[in-house]
Structure formats: C-alpha cells, structure tokens
C-alpha cells in the first residue's frame, strides 16, 4: 500500500483524511498524465459517484483538476462502481474514477481510479499521483485557451451498462418474487428497473438516498433488514448490495443468509455441471469458510486462496485463466462477463441458476455447512507494529495450536482503515469468541489500541 492509496483507492473521512484539495490534485495529475500519453490528443476521463453528500464536492474538485490539465471529464453521475469499469473499457476512455467509500459510513469517501482496461489503476501510477500530492513532482502546467478541458454529461453511459446487464439472463424471471436492499446507495438507480424489466415482481427497501443514509443499518453489511423483509413478504429470494453496488449478499426463501462463500459454491457447481467451469477451479480468499472448502471437495471442485481483496482475486484469475472467484463479503467476479466484482450482475447470476435448475436457493446451497466464524476489528496506532508484536504473534500461534484441524485463526491489517482484523473459525460460537478476545486483549495490553 502507498501513503494515500490502499487496496481499494484513496479512502478516508471526507475533508479530514481525504480532502477536496487531494481530489483536485488527483484530477490534475490524471488529466496531465493521460494527456501526455496521448501525445497531443485530448485525454478522456469518465467519473461516477455514489450517494454520499461529499461525493458531489469531490466530483467537482476532480473535474476542476482534470479540465485544468487539458483533459475532458465525462460525468455518469450516481452509478454503480462496476458501470465505470464497464464503460471505461467499452467506450475506450483513458481511465475512470469512482467516488465512493463502498460499504463505509456516509462521512467517509474514496477515490478509486480504474485504468483503460477496466480494472484498478497500476501501482506505479498511484505512486506518481502520491508524489504529486506531496510536492515531489514539479508543478504541472495549466491548460489555456482552447486547450482547457470540457465537462460532458454522460448519463447515457449508465443506460449502456443497464442494457449490457439485460443481456446476461437467458430466461425471464416471471413468477418470481424478489426483494432488493439498495443500501440507499448507487444501486438505487439501476436494480429495481432491471429486475422489473426481466419479469420479476420486485419489492425494494432502502432506495431513497438522502446523502447521509447510505449503508445506515441496511445493505449487505446489515443483512438482517433484508432477512426480515423476505420473510414478512413471502419472497422467493432477496439481494442486498453495498453503497457502490460492487458486492451482493443474498437471502434465501427461508430468510437465511447466502454470503459470498455460498454464492461461489452455487455458481461453481452450476458451471461445473454444464461444463463451463474452466480448469475446474474457483478462486477464494483466506477469509473463506472451511465449510466452503469441504463442500467443494464433495463436489469435486478445485480451489485456490489469495490475500483478502478483489484485486488479488482478479490477478490470480487473469494469470491462470479462471472464470469464477470472489470474497466471502460478496465481491464476486465472473471473468467472462466483467473485470471486477459487480453486485447486480451477481444477483442476476444467482437468479439464472435458480431459474435453470428450478430449485429454491435454500436447497441449492444446502451442501455448504458454514462453520461459526467471528471477526472483530480493533483500531490501532500502527497496523504493522501491532501485527508483528512478538507477544501478539505468540498468542496467535497458541490459539492455532489449540484449534488444530477443527478451526483456524487469521490476523491481518485492513487495506482501507487503521484497524487490525482478528478472525477465528471454530466448531462453536463460544470458542470463536474466546479466542478472538484472547488475541485482542493482548493487542490492548501491549498498548497498540488507538
């Protein structure tokens, strides 16, 4: 990770960690960088945002920087992150920018830069942006006269993305009752109309964003709201997205949660059955549940693990030619259809399996027995120092030895926040809590807590 850019862009509390000046300088450097690469031609950069109040402020700052450097800024307005990835590639933009802090609370925000291939910006370019922000690169010349960039309304880009998603299902969703939790975020502009167009009776909650209610007790990180909604309305299935709609968590007909692990199982088995699972392999992260791997073993499906982050899942998939991978959190990548996690696309893929197999979601994921898993975060002053403390390492080793083959412990640094994440998987919830608290107590006792 760099000084400003983590595993998922430049993220932090708006105008505290990530300021409007930062956004302006990001725009200035990107406009200049891609303009230089085009050798005199005007660079084209497309921008989308989620529904946070500060997203508008950052949008205008980015546009000011981009146009001041002589590039054109195309605005897709409120739109899912995956739509930017799709449009950058399909409409041949030099790069794209998504203004979002994903599942974080409204007062946080982020700037995620997407390269011309539709995936996250190369680290070497992020490093150059950071050097420019810190004054390590000479000041960039301003564009003047006719060379000043333009701002273009590109609302049509979102419509093109919706039209693309419409081509994904091979059958209509007729007679299906579907619930959607839009997290008061970007999916509010896309999901309901899409499901209705595909024939589903669609009921929606949390689709009235006001700038401060994004992810607030709703969406994929607060799935209990959708669980209650599915049961009360006797729905066949429910889908919850996060703020920028790049992840999806499902709820089955019984109100039970189907997280990313169960979605990977569902889609992996389906693709294998129809001879479409390339290399017979699914890519997971170290956070995936032991129950998923046991179910894959039973189904005769191979799997690999990466570090946490859809960035690492994508890299593994692209290098090895795999077509399905993702995270427990609901970032699922269908490589044949998209270059990044897409929550709305994921929900369409789940519907495809249900319609083709003519089975309820609860029955399709029944073979996956999820082991109790507890994840707790602790804010720390220095992530690396806390994780590598000898006493912390010692207690982690002690816990793993106690768990043996019936569980595991994982301690890692967050890529986007000043926190250490401690996760334990075991036979019972009580054991999970016992061992997670044991590690966190040591981190606190050693004075690392912020």
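The values are calculated or read from the model by the stated rules, or taken from the named source; none is laboratory data. This one's a predicted model, so the numbers in the text were calculated from it and none came from an experiment. Reconstructed Cβ throughout: ideal geometry from the backbone, glycine too, with neighbour counts over all protein chains shown.
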Review point. Of all residues in segment 395-445, how many are surrounded by fewer than 16 Cβ atoms within 10 Å (Cβ to Cβ) and either assigned to a helix (DSSP H, G or I) or touching a helix residue (DSSP H, G or I) at 6+ places or on another chain (Cβ under 6 Å) (or both)?
Key: 17
Study note, to complete from the structure: Sole miss for residue 312 among (1) part of a helix (DSSP H, G or I); (2) surrounded by fewer than 16 Cβ atoms within 10 Å (Cβ to Cβ); (3) modelled with pLDDT under 95 is condition (2)
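Check 337, 391 and return the single one that is outside the structural domain of residue 81 (by TED's automatic domain parsing), in contact (Cβ under 8 Å) with a residue 40 or more places away in the chain and over 18 Å from the mean Cα position of the chain (by Cα).
391
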Revision key, fill the gap. Filtering segment 197-217 for residues that are assigned to a loop (DSSP other than H, G, I, E, B) and either out of contact with any strand residue (DSSP E or B) (no Cβ under 6 Å at 6 or more places or on another chain) or without any contact (Cβ under 8 Å) to a residue 12 or more places away in the chain (or both) leaves a count of 13
Practice item. Looking only at segment 218-228, decide whether some residue is surrounded by fewer than 24 Cβ atoms within 10 Å (Cβ to Cβ), assigned by TED's automatic domain parsing to the domain that holds residue 187 and touching a residue at least 60 places away in the same chain (Cβ under 8 Å). Key: yes
Exercise for review: Hey, can you tell me all the residues within segment 177-188 that are crowded, with 21+ Cβ neighbours inside 10 Å and either outside any loop (DSSP other than H, G, I, E, B) or in the same structural domain as residue 84 (by TED's automatic domain parsing) (or both)?
Suggested key: 178, 179, 180, 181, 186, 187, 188
Exercise for review: Kindly state which strands (runs of 3 or more DSSP E) lie completely within segment 1-99 and contain at least 2 residues that are surrounded by fewer than 24 Cβ atoms within 10 Å (Cβ to Cβ).
Suggested key: 9-13, 72-78
Exercise for review: Among residues belonging to segment 361-384 that are in a helix (DSSP H, G or I) and modelled with pLDDT under 95, point out the one that is farthest from residue 179 (Cα to Cα).
Suggested key: 384
Check your understanding: Of all the residues that make up segment 341-360, how many are surrounded by fewer than 23 Cβ atoms within 10 Å (Cβ to Cβ) and at pLDDT below 95?
Key -> 0
Check your understanding: Pairs, please: C-beta under 6 Å, at least 6 apart or cross-chain, first residue more than 22 Å from residue 307 (Cβ to Cβ) and in segment 272-289, second assigned to a helix (DSSP H, G or I)?
Key -> 277/271
Check your understanding: For segment 290-316, what are the residues that are touching a residue at least 24 places away in the same chain (Cβ under 8 Å) and more than 23 Å from the chain's Cα centre (by Cα)?
Key -> 294, 295, 296, 298, 299, 300, 301
Review point. Can you tell me which residue in segment 122-136 is farthest from residue 37 (Cα to Cα), limited to those that are touching a helix residue (DSSP H, G or I) at 6+ places or on another chain (Cβ under 9 Å) and either crowded, with 24+ Cβ neighbours inside 10 Å or in contact (Cβ under 8 Å) with a residue 60 or more places away in the chain (or both)?
Key: 133
Review point. Do the conditions hold for residue 149, that is, is it crowded, with 19+ Cβ neighbours inside 10 Å, under 15 Å from residue 43 (Cα atoms) and at pLDDT 95 or above?
Key: yes
Exercise for review: Go through 114, 140 for me and flag whichever is surrounded by 20 or more Cβ atoms within 10 Å (Cβ to Cβ) and in contact with a helix residue (DSSP H, G or I) (Cβ under 7 Å, 6 or more places away or on another chain).
Suggested key: 114
Revision key, fill the gap. Checking 100, 83 in turn, the sole residue that is farther than 17 Å from residue 11 by Cα and touching a strand residue (DSSP E or B) at 6+ places or on another chain (Cβ under 9 Å) turns out to be 83
Check your understanding: Any idea which residue in segment 260-274 is farthest from the chain's Cα centre (by Cα), counting only those that are assigned to a helix (DSSP H, G or I) and over 28 Å from residue 221 (Cα atoms)?
Key -> 273
Review point. Residue 206: under 22 Å from the mean Cα position of the chain (by Cα) and surrounded by 19 or more Cβ atoms within 10 Å (Cβ to Cβ), yes or no?
Key: yes
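If you take the residues in segment 287-303 that are out of contact with any helix residue (DSSP H, G or I) (no Cβ under 6 Å at 6 or more places or on another chain) and in a loop (DSSP other than H, G, I, E, B), which one is surrounded by the most Cβ atoms within 10 Å (Cβ to Cβ)? Before the answer, list the steps.
Narrowing segment 287-303 to residues out of contact with any helix residue (DSSP H, G or I) (no Cβ under 6 Å at 6 or more places or on another chain): 287, 290-291, 293-294, 296-298, 300.
From what's left, in a loop (DSSP other than H, G, I, E, B): 287, 300.
Numbers: 287: 21, 300: 9.
By that ranking, first place goes to 287.
Can you work out which of the residues in segment 394-427 that are under 28 Å from the mean Cα position of the chain (by Cα) and farther than 18 Å from residue 286 by Cα is modelled with the highest pLDDT?
Pass one, segment 394-427, residues under 28 Å from the mean Cα position of the chain (by Cα): 407-426.
Still in the running and farther than 18 Å from residue 286 by Cα: 417-418.
Details: 417: 81, 418: 89.
Only one residue tops the list, namely 418.
Quick one: in segment 271-286, which of the residues that are touching a helix residue (DSSP H, G or I) at 6+ places or on another chain (Cβ under 9 Å) and within 18 Å of residue 423 (Cβ to Cβ) is modelled with the highest pLDDT? Before the answer, list the steps.
Initial filter on segment 271-286 (touching a helix residue (DSSP H, G or I) at 6+ places or on another chain (Cβ under 9 Å)): 271-274, 276-285.
Now narrow it down to the ones that are within 18 Å of residue 423 (Cβ to Cβ): 284-285.
Values: 284: 97, 285: 94.
Across segment 271-286, the extreme among qualifying residues is 284.
For segment 340-360, give me each residue that is more than 23 Å from residue 219 (Cβ to Cβ) and assigned to a loop (DSSP other than H, G, I, E, B).
So the first thing to find is which residues in segment 340-360 are more than 23 Å from residue 219 (Cβ to Cβ), and the list is 355-360.
358, 359, 360 - these are the residues of segment 340-360 that are more than 23 Å from residue 219 (Cβ to Cβ) and assigned to a loop (DSSP other than H, G, I, E, B).
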